[in-house]
Each structure stands twice: as structure tokens, then as C-alpha cells.
Amino acid sequence: MAMNRVSRFFLYFMLILAALYALAPMWVMLSTSLKTLDEIREGSLIAAPHAPTIEPWLKAWGTACSGVRCEGLKPFFLNSLLMTIPAVLISTLVGALNGYALTHWRFRGSDFLFTALLVGCFIPFQVVLLPMARLLGAVGISDSVFGLIFVHVVYGLAFTTLFFRNYYIGVPGELVKAARVDGAGFFTIFQRILLPISGPIFMVCVIWQFTQIWNDFLFGVVFAGSDSQPVTVALNNLVRTSTGVKEYNVDMAAAIIAALPTLLVYIVAGKYFVRGLTAGAVKG
Amino acid sequence: MAIPPSDRWLPKLVLSPTLAASLLFVYGFILITIALSFTESRLLPNWEWAGLERYDELFDNERFWVSAKNLAIFGSLFIGISLVVGLLMAILLDQKIRGEGFLRAIYLYPMALSFIVTGNAWKWLLNPGLGLERIVQQWGWTSFTFDWLVNPDRAIYTVVIAGVWQSSGFAMALFLAGLRGVDSEIIKAAQVDGASLPTIYRRIIIPSLRPVFFSVTLILAHIAIKSFDLVMALTGGGPGTSSDVPAIFMYQFSFTRGQLGVGAASAVMMLMTIVAVMVPLMYAEARSGRDR
């Protein structure tokens, strides 16, 4: 479409303005995290640090107080890893098998079953928190990373099943039927025919689950004990724990530390992240 | 062909743990929560029937209405502004832009962040003493004040600001995908007929994005109703209870105030809100899908 130079210039101006708006908070966080408190008090919010210091980062990672513990975010960052990695792997694998069974091994009621499972994508989790808290307590895994893994797997299954079901429904049924004629069974067909073509959807699903579980706060704050808190909960406590002077630089360093894993995933595999978001959107 | 007997029950066996988990932890737990909301439960579950007493308590609680009103304010502004900004950004990006992929990546990265991180970033940016207010003052507008974060009448709008920042890129991504799906023949035909670019957008392209509007609205509404972490990190529901939302109300009554029954009743209200928003939207979408 023809456009004159003035409107072309205006177009780029608007787009760059929008990019600056998106980047500004991250820039301010980063520059604040590298400043001394004196410079924060005297300088400008958006200016780059005069004499960058990594002191706030060291403190946020290793010695800042979150609640009663003064060991920085490090132990909680590890909690998040211990919680996220198994929960992502389990929920993704089960979702893959579910999606496969629901598309290529249909039985009476399997479509209804799928619809019934989907409800799990829509409920506000508040409506299951109270019974789940009782259950975890009764089983003895409340206040532990195991409890959090369990909860994230259970409430992630609806999404992972949805991802794989929508992907596998595009795989021609003839392929599976031919393999069955040749005598291949349920798992053989999954392993030989479906798995080799599942790379992209595994990426989408793993990234989606990783982002969801790493970023979760609600389950973490309700079900975790002080030793099993994920990093999001610890970050919130760290920012709220004020002993004397408010250390904005440490707060910002801590926030970036908590955000780093998902940001890294986004930078490395942004394509799949976007696909997951749109796939999640199609569910509507 | 001979089907091995194991193939008859294996698929069902594979699905059974998920089915059991869904029946128990989704449907069962919803029923338990509903049941709890009709009991005498306070600090501990107490299964003595109380009828609608917990709901009476809930509806008599001023704080509940504050949180409901805040959800209405936050939800409508958050959804409305994200839709407009997202659509605008998508249209601007759809003009054969150099470096489109790069810009798109920048617009969308906030979506990878936790709401806790976003909340803390904006809490710092909006800090009345040291944040935006001071920058504008340093730029020469010395009387400028921006105290929304600590102003009970304005605090909920800071949640809108941070929420829109995080989610408008997401709306942009979905709208852009929708724009790429519009039939270019129709656009060419309209151009031949002499229609101007804004007219083409207003009359042809934007109306054809209807399904995208539905899905974006649906997801944003879902995020809004569940919003908990963003508010916790940004305002903590304060000053006082001025920026409370239902998710915070539910959390505090259930887990810090020992009012299980009232907490359960508020959770049920949240579920009903989601149903009330989702069902008409999905119905409308399904119907418009049939018309096409």
C-alpha cells in the first residue's frame, strides 16, 4: 500500500515509542540494581549508573533477608528449579500420552472425556485451594517441594493434554492404522510414529509449563512452607522485609534474578513461546 | 486384523490417572468448596449445615464489595486498554515493517515475566518519592505529583497500568496472527474500488477479526478475575484495603484470618463470575462461527 514518507516516518516513530515503553521498566530495574543507594537517592531514575556495582546482586543472591531467613534468593531459586523441572517433565509426558490416546485410540466417550478435562483450564484455582490444602496436610506433603510438584502436575494436565491433543489430531489416522495392521501396539506406535514428529509441540508444551510453573505465586504462597518456598514467594517476602533502610537496588536485582530463567527461555525459544500463547488462545 | 487385547484397555488405562485426577481434584474439590461455603466452618472445617449464613456474611462485608468493585474497574480497563493498544500495535506492525520480528519480540517479552516481577518493577517506577514523579520534577515540572500508588482512590489504577504493560503485547501477537489471516484478495478489491487505508481497516479488516476479539477478551478476562500476584506485589491490596480484589479477599479470609466458610463462599463467587463471563462469550463465539 502506498504511503508517503511522512506517514512512514510517523509509523516508525510510533513503533519505536512502543518499544521504548515495553523496555523502559526493564531498563530502570537493571540500572537501579547496579546503583548504590546514594546514587538512587540523588540521581535520575532512568540514568545509567555512574559507577556500576554488583554489590546489590550479590546481596540479593546470597545474604538479603526474605522473611526470617537471610540467605538471599539462592535457596529459593533452587527450590523453584527442584519444583519446576520434575513438574514440567511429568505433566508434559502424561499430556503427550493423553493427547495420543484421545486422538488415535478413540473410544466411546473419549470426546466427552476431553471436554470434561478442559474445564480444568478455566477454573479459578481459588475454588480448589481449601480442599487441596487439607489433602496435602493429611498426606504429609504440605510445606514440601513434593506437594508443589504434585499440585502443578495435577493442574497442568488439562493444558498439556490440550496442546498434544490439538497437535496429534493433525496426524493422519492412516499412519497409525497401517502400523496397527502390521501388528504394532499402543506404545510402539507412539514411540516410532508420533514421537519422532513431536519435537515442536514438546518445545511449546515444555516452555509453556516452565513459564507457568516458574512464575506461579498462588500455589507457592498457599502450599509451600518456609523451606520450600519458590523464588516468586521469596522475592515478594524479600521486598516486604524491611529492616531499616529500604534497599531498592537489592529489590530490583532480586526481581531480575527471579525473572532470569523465563526471560532466558523467551530469548532462546521465543518462537515456541508465542506458539504456546496462541495455542492456549485457540482453546477459547 | 487381529487387535491385541492389550490395545483395547491400554488407551483407557493411560488416560485413567488424568481422569481420576480431574474427577477428584477439579470436580470433587469444587463440590467440596461449595459444600464448605454452606457450613459453620471457621478456623477448621465444621460440617454443620449453616444454610446461606456464610453468604450473608460475605455480602454484608464491605471489603468484599470493595474487592468486587475493584475487579470491575480493573477488569474493564485492563481488557479495554489491552485490546485497543494491542490492536493498534498489530496494525502498525502489519505495514511491512523492517525489523518486525525484533520489534515483536520486544513487545511480547513482558508476557514471560512473573506478575510478581512486573508488580515490583512498577512499584518502583511509580514510587511517589523516587520514581516517575521525581523524573518529571527533575525535568522542570516541579509541581508534578503522581501518588496513585499510595492514594486509596487511585491505587487500583496502578494495577491497570502494570497489567496493560504486561498483557498488551500478548493481545498484539494474537491480533497480528489474525491480520495475517485476512484474505488479501478482498483488500485488493477494495483498493481497486478506491477505498482508503483507514476505511479498509475500519470496514473490512477489523470486523473480520471478530473471533480474535473474542479469544483475547476471554483470556484477558480470565487473567483479570484470577489476578492475585500482580496486586499482591504492587499494592498488597492497599493502602488499607482500597485496592483489594476477590482473589486477595479469598486468600486472606481462608488462610490468614481463619474464616474457611467465608473464604469458600468468596471462591464460589469467583467461579460464578468466571462462568458468567465465559459462557456468554463462548456462546457468542460459537454462534458467530456458525453464521460465517
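The values are calculated or read from the model by the stated rules, or taken from the named source; none is laboratory data. Computed from a predicted structure; not experimentally measured. Virtual Cβ from ideal backbone geometry, glycine too; neighbours counted across all protein chains shown. All accessible areas refer to the heavy atoms of the entire protein, side chains included, with ligands and DNA or RNA removed. Shrake-Rupley method; radii C 1.70, N 1.55, O 1.52, S 1.80 Å.
List of remarks:
- In order along segment B:51-56, the phi-based Karplus estimate (6.51 cos²θ - 1.76 cosθ + 1.60, θ = phi - 60°) of 3J(HN,Hα) comes to x, 9, 4, 5, 6, 4 Hz; Gly and Pro are listed as x.
- The solvent-accessible area of B:Y107, taken with every protein chain present and a 1.4 Å probe, is close to 10 Å².
- A Förster radius of 51 Å, combined with the Cβ-Cβ distance separating B:R98 from A:E174, puts the computed FRET efficiency at roughly 0.70.
- For the pair B and A, total buried accessible area rounded to nearest 100 Å², probe 1.4 Å: 7700
- Stretch gain in nm, segment A:T188-A:R41, where the contour uses 0.36 nm per residue and the Cα spacing is subtracted: 46.4 nm
- Of all lysines in the structure, the ones whose alpha carbon falls short of 29 Å from that of A:K177, not counting any fewer than 8 places away in one chain, are A:K283, B:K12.
- Stretch gain in nm, segment B:L44-B:S143, where the contour uses 0.36 nm per residue and the Cα spacing is subtracted: 30.3 nm
- Listed peptides B:24-35, B:231-242 by packing density, highest first (mean Cβ within 10 Å): B:231-242, B:24-35
- Checked against a 21 Å cut-off, the cross-linked pairs A:K271/B:K123; A:K271/B:K188; B:K96/B:K188; A:K74/A:K271; A:K35/A:K59 give Cα-Cα distances beyond that limit for A:K271/B:K123; A:K271/B:K188; A:K74/A:K271.
- For segment B:1-89, average projected area of the Cα convex hull in nm²: 12.9
- Residue of A:S142, A:S110, A:S228 that the Gaussian network model of chain A assigns the largest fluctuation, springs spanning Cα pairs under 10 Å: A:S110
- Remark: spin-label model distance B:R154-A:A116 equals 5.3 nm, labels positioned 7 Å along the Cα→Cβ axis.
- Estimated FRET transfer efficiency when R0 is 56 angstrom, pair B:D7-A:T53 (beta carbons, to 0.05): 0.30
- When you restrict to C-alpha pairs under 8 Å that are six or more residues apart and normalise by the size of segment B:158-292, the relative contact order lands at 21 percent.
- The figure for B:D94 is an accessible area of roughly 40 square angstrom, using a 1.4 Å probe on the protein chains alone.
- Taken over segment A:74-282, the alpha-carbon convex hull comes to 142 cubic angstrom per residue.
- Mean accessible surface per residue for the protein assembly as shown, computed with a 1.4 Å probe while every protein chain stays in place, in Å²: 44
- Relative contact order [Cα under 8 Å, 6+ residues apart], chain A, whole percent: 29
- For A:K246, the aspartates and glutamates whose Cα falls under 13 Å of its own Cα, not counting residues fewer than eight places away in the same chain, are A:D38.
- Alpha-carbon Rg with Dmax, taken over segment B:220-292, Å: 15.7, 52
- Amide H partners (placed H, <5 Å) of A:S66, local residues excluded: A:E71, A:G72
- Mean projection of the Cα convex hull over all viewing directions, computed for chain B: 24.8 nm².
- The protein assembly as shown has equivalent-ellipsoid semi-axes of 38, 34, 25 Å, by the square roots of 5 times the alpha carbon gyration tensor eigenvalues, sorted largest first.
- When you restrict to C-alpha pairs under 8 Å that are six or more residues apart and normalise by the size of chain B, the relative contact order lands at 29 percent.
- Taking amide H atoms as placed 1.01 Å from N in the peptide plane, the amide H of B:T39 lies under 5 Å from those of B:A50, each 5 or more residues away in sequence or on another chain.
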